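The values are calculated or read from the model by the stated rules, or taken from the named source; none is laboratory data. Note that this is a predicted model, so its numbers are computed, not measured. Here Cβ is always computed from backbone atoms with ideal geometry, including for glycine, and neighbour counts include all displayed protein chains. Surface areas here come from the heavy atoms of the whole protein model, side chains and all, with no ligands, DNA or RNA. Shrake-Rupley method; radii C 1.70, N 1.55, O 1.52, S 1.80 Å.
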Amino acid sequence: MHTVIEAGREITSDPAALSALWRQKQLEYTWLRALMHRYEDFWVVTEAALRHAVHRLGLTASEAAIRRLMAAYWTRAGFHAVPAGLERLAQRPRASLSHGSPRMLEAVVASSGLGRHLQHVLSVDAVKTYKPSPAVYALGPRALGISVNELLFVSSNGWDVAGAKAFGYHVAWCNRAGAPEEELGARADLVVTRLDELPL
């Protein structure tokens with residue numbers, strides 16, 4: 001999220017606080033929309049979350065500033081270990097499964113250079129709801145043609161780990177921040193701190 005934090009300096013002296021609240025509301029809005037059966041694509045949700053965060057923090061942002069902050073999502077920098085981690089797994093099918101809309105994912109994959117490492121880039125837009133809905137997690141085995149219990153699902157989000165594990169995946173948690181486990185009754189099978197630590 002470093003790119004987003006840098007973009008936030010335009011409207012606040014504490015861009016990390018803006019980024020954190022923006023991300024929190026972004027996720028909350030996906031979960032609430034899923035529960036309400038009121039799907040909007042992730043770009044719409046992301047903008048709504050940003051506007052809420054700006055108002056909640058008492059900031060002032062012009063429409064042009066909002067557009068620039070939103071544009072930061074198109075070019076987010078990735079973690080350095082990700083390409084190497086995906087390359088190590090080149091003999092296995094690899095896919096991403098994201099909340100991002102197809103248009104967002106196309107831009108992020110292109111700017112990150114990860115497209116050559118992925119056979120599938122899957123969006124929740126295909127089922128019009130968000131993780132941790134089982135309908136989303138079912139996209140993985142369907143696209144890959146592999147049984148869920150033969151797949152390893154990797155996430156850096158504890159709540160996503162719980163959702164994937166509950167669905168039936170083997171799960172690795174890429175816990176870069178050393179966060180505590182979520183108390184949701186579902187634990188990762190493996191915990192790593194970098195994607196290139198995943199076993200072959």
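So which GluC sites (Glu not before Pro) in the stretch 142-200 are both in a DSSP loop and have at most 10 other Cβ atoms within 10 Å of their Cβ?
On the way: sites: Glu150, Glu181, Glu182, Glu183, Glu197; in loops: Glu181, Glu182, Glu183.
Sites meeting the loop and neighbour criteria: Glu183.
Please list, ordered by chain and number, the residues whose modelled amide H lies under 5 Å from the amide H of His170; skip anything fewer than 5 residues away on the same chain.
For His170, whose amide H was placed from the backbone, the distant partners under 5 Å are Leu151, Phe153.
Figure the gain on full extension for Arg56 and Val44 (residue separation times 0.36 nm, minus the Cα-Cα span) and round it to one decimal in nm. Numbers along the way, then the final one.
On the way: separation 12, 0.36 × 12 = 4.32 nm, distance 1.83 nm.
Full extension of this stretch gives 2.5 nm more.
With a 1.4 Å probe and every protein chain left in place, tell me how much accessible area Asp125 has, in Å² to the nearest 10.
Surface accessible to solvent at Asp125 totals approximately 40 Å².
Normalise the Debye intensity by I(0) for the stretch 19-64, one equal point scatterer per Cα, no solvent, then take log10 at q = 0.34 Å⁻¹ and round to two decimals.
The Cα Debye sum returns log10 ratios of -1.21.
Any idea what the alpha-carbon Rg over 2.2 N^0.38 Å comes to for the chain?
Numbers: Rg = 17.0 Å, N = 200, 2.2 N^0.38 = 16.5 Å.
Ratio of Rg to 2.2 N^0.38 Å for the chain: 1.03.
Can you list the HN-Hα couplings for the stretch 62-72, worked out from phi with the Karplus curve (6.51, -1.76, 1.60; θ = phi - 60°), rounded to whole Hz and with x for Gly and Pro?
These are the phi-based 3J(HN,Hα) values: 6, 4, 5, 5, 4, 4, 5, 5, 5, 4, 4 Hz.
At 1.4 Å probe size, with the rest of the protein present, what percent of the exposed accessible area of the chain is carbon and sulfur atoms?
Of all accessible area on the chain, carbon and sulfur atoms account for 54 percent.
Ignoring ligands and nucleic acids, what accessible area does Ser19 show with a 1.4 Å probe (Å², nearest 10)?
Approximately 10 Å² of Ser19 is accessible to the 1.4 Å probe.
Nearest 500 deg cm²/dmol is fine: what mean residue ellipticity at 222 nm does the chain get from its DSSP H runs of n ≥ 4 alone, each adding -39,500 (n - 2.57), divided by its residue count?
Values: 9 runs with 92 residues, N = 200.
Value at 222 nm, helices only: -13500 deg cm²/dmol.
Which one, Thr30, Thr12, Thr60, has the greatest fluctuation when you compute a Gaussian network model over the chain with C-alpha springs under 10 angstrom?
With Cα springs under 10 Å in the chain, the top fluctuation among Thr30, Thr12, Thr60 is at Thr60.
On a 0 to 90 degree scale, rounded to 10, what angle separates helix 42-56 from the longest Cα axis of the chain?
40
Where Rh is the Kirkwood radius over the Cα pairs of the stretch 84-200, the temperature 25 °C and the viscosity 0.890 mPa s, what D in µm²/s does Stokes-Einstein return?
Working: Rh = 14.6 Å.
Calculated translational D: 168 µm²/s.
Any idea how far the Cα center of the stretch 184-200 sits from the one of the stretch 1-34, in Å?
The stretch 184-200 and the stretch 1-34 have Cα centres spaced 26 Å from each other.
Measure nothing fancy, just the Cα-based angle from helix 158-167's long axis to the longest principal axis of the chain, in degrees from 0 to 90, nearest 10.
The angle comes out near 40 degrees.
Relative contact order of the stretch 13-96: what whole-number percent is it, with Cα pairs under 8 angstrom and at least 6 residues apart? Present the calculation step by step, with values, prior to reporting the outcome.
Numbers: 32 pairs, mean separation 21.7, N = 84.
Once divided by the residue count of the stretch 13-96, the mean separation gives 26 percent.
Under 5 Å between amide hydrogens, which residues at least 5 positions from Val192 or on another chain qualify, with H placed 1.01 Å from N in the peptide plane?
Trp173, Cys174, Asn175
How much area per residue is accessible in the chain when the probe is 1.4 Å and only protein heavy atoms are counted (Å²)? Could the numbers behind the result be given before it?
On the way: 10680 Å² over 200 residues.
Ligands and nucleic acids excluded, the figure is 53 Å² per residue.
For helix 15-36, report the angle its Cα long axis makes with the longest principal axis of the Cα atoms of the chain; keep it between 0 and 90° and round to the nearest 10°.
Between the helix axis and the principal axis of the chain, the angle is about 60 degrees.
Could you run the Karplus curve 6.51 cos²θ - 1.76 cosθ + 1.60 with θ = phi - 60° over the stretch 137-144 and give me ³J(HN,Hα) per residue in whole Hz, x for Gly and Pro?
With coefficients 6.51, -1.76 and 1.60, one gets 4, 5, 5, x, x, 5, 5, 7 Hz.
What full-extension length gain, to one decimal in nm, is calculated for Ser112 and Ala64 as 0.36 nm per residue of separation minus the Cα-Cα distance? Write out the running numbers ahead of the final one.
Values: separation 48, 0.36 × 48 = 17.28 nm, distance 2.50 nm.
Working it through step by step, the gained length comes to 14.8 nm.
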